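**Q** What follows is a single structure, and I will ask about it in a moment.
Every number in this text was worked out from the coordinates using simple rules, so none of it is lab data. None of the values given here were measured: they were computed from a predicted structure. Every residue, glycine as well, gets a Cβ built from its backbone with ideal geometry; the counts of neighbours run over all protein chains shown.
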Amino acid sequence: MKGNLISREVLPFLLSFAMLVLVSLLIDAILHVFNAVWIGRYLGIPGTLLILGSFGYSLRKRKLIRVGQPAQLLRWHERMAWFGSLLVLVHAGIHFNAILGWLAVFAMLINVGSGLTGKFLLERSRRRLEKSRLHLHQQGLTPDGINERMYWDSLTFDVVKQWRMVHFPITLAFAVLALAHIAAVFLFWGWQ
């Protein structure tokens, strides 16, 4: 059972994060081999646009926009943020020439990790809650009896859903650092 839990829940979480880093290193290495590192310099733009586009889910969740189904937008949010982060990581490369850019990349990685952790915790909590509810139903408890027995589990699930209160400030820190990096690029880039 424990091995199944790890392979079904923990492994996808770790693989998604590891693949983000490994694929970005692979792309960066390929760009170096073909002497095309300059391409990485410009991948920050589409990466940033993908990350910005991923906020459609957050806007819908807060009812600032009314288009789209939340579940579908959540999947798009996850994919666009992952691919955008990939492009930004390739953009950052393995060059250590700007502390602000690296702070933004570090904040982005923490943000991605926070999002993946929240997704992992929510899915795990939701499955556990549904499994407990089904088990109690099979024992013949009434809906009121199930709700009474499930009170603390439901409350715990509601608390886990509040992980966004942690994810949001991390996202905000990333946004501020990314905007500062972009502003610095526009200020100090040789435009001649």
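**Q** Charges only on Cβ, +1 for Lys and Arg, -1 for Asp and Glu: so what's the dipole of segment 97-192 about the Cα centre, in debye to the nearest 20? Provide the component values of the computation, followed by the final result.
**A** Working: 10 positive and 6 negative charges, 44 e Å.
Here the size comes out at about 220 debye.
**Q** So, one more: Given R₀ = 22 Å, what would the calculated FRET efficiency be for Leu52 paired with Phe106, taking r from the Cβ atoms and rounding to 0.05?
**A** 0.70
**Q** Sticking with this structure for a sec: If you project the alpha carbons of segment 97-192 onto their three principal axes, what span does each projection cover, largest first, in Å?
**A** If we take the Cα atoms of segment 97-192, the spans are 77, 17, 15 Å.
**Q** I would also like to ask the following. Taking 8 Å as the Cα distance limit and 6 or more residues as the minimum spacing, I'd like the relative contact order of segment 19-81 as a percentage. If you can, show how the numbers build up before the last one.
**A** Values: 31 pairs, mean separation 17.3, N = 63.
Here the relative contact order equals 27 percent.
**Q** Which longest uninterrupted range of the chain lacks any chymotrypsin sites (Phe, Trp or Tyr not before Pro) assigned by DSSP to a loop state (not H, G, I, E or B) and surrounded by at most 12 other Cβ atoms within 10 Å? Working shown, then result.
**A** Details: sites that count: Phe34, Phe96, Trp189, Trp191.
In the chain, the maximal stretch lacking such sites is 97-188.
**Q** Ala36 versus Ser132, label points 7 Å from Cα toward the beta carbon: distance in nm?
**A** 5.3 nm
**Q** Please give the FRET efficiency for Leu25 paired with Thr117, using the beta carbon to beta carbon distance and R0 = 25 Å, rounded to the nearest 0.05.
**A** FRET efficiency, Leu25 to Thr117: 0.70.
**Q** Continuing with the same structure: Rounded, prolate or oblate: which fits segment 1-95 when a ≥ b ≥ c are the square roots of the eigenvalues of the alpha-carbon gyration tensor, with rounded for a/c under 1.5 and prolate only if a/b beats b/c? Working shown, then result.
**A** Details: a/c = 3.95, a/b = 1.22, b/c = 3.23.
Oblate.
**Q** For Kirkwood radius over Cα pairs in Å, the listed values are [x] 16.7; [y] 19.1; [z] 17.3; which was obtained by calculation from the structure presented?
**A** [y]
**Q** Express the relative contact order of the chain as a whole percentage, based on alpha carbon pairs under 8 Å and six or more residues apart in sequence.
**A** Details: 145 pairs, mean separation 44.4, N = 192.
For the chain, the relative contact order is 23 percent.
**Q** Another question, then. Report the Cα centroid-to-centroid distance between segment 9-27 and segment 126-167 in angstrom, as an integer.
**A** Centre-to-centre (Cα) distance: 31 Å.
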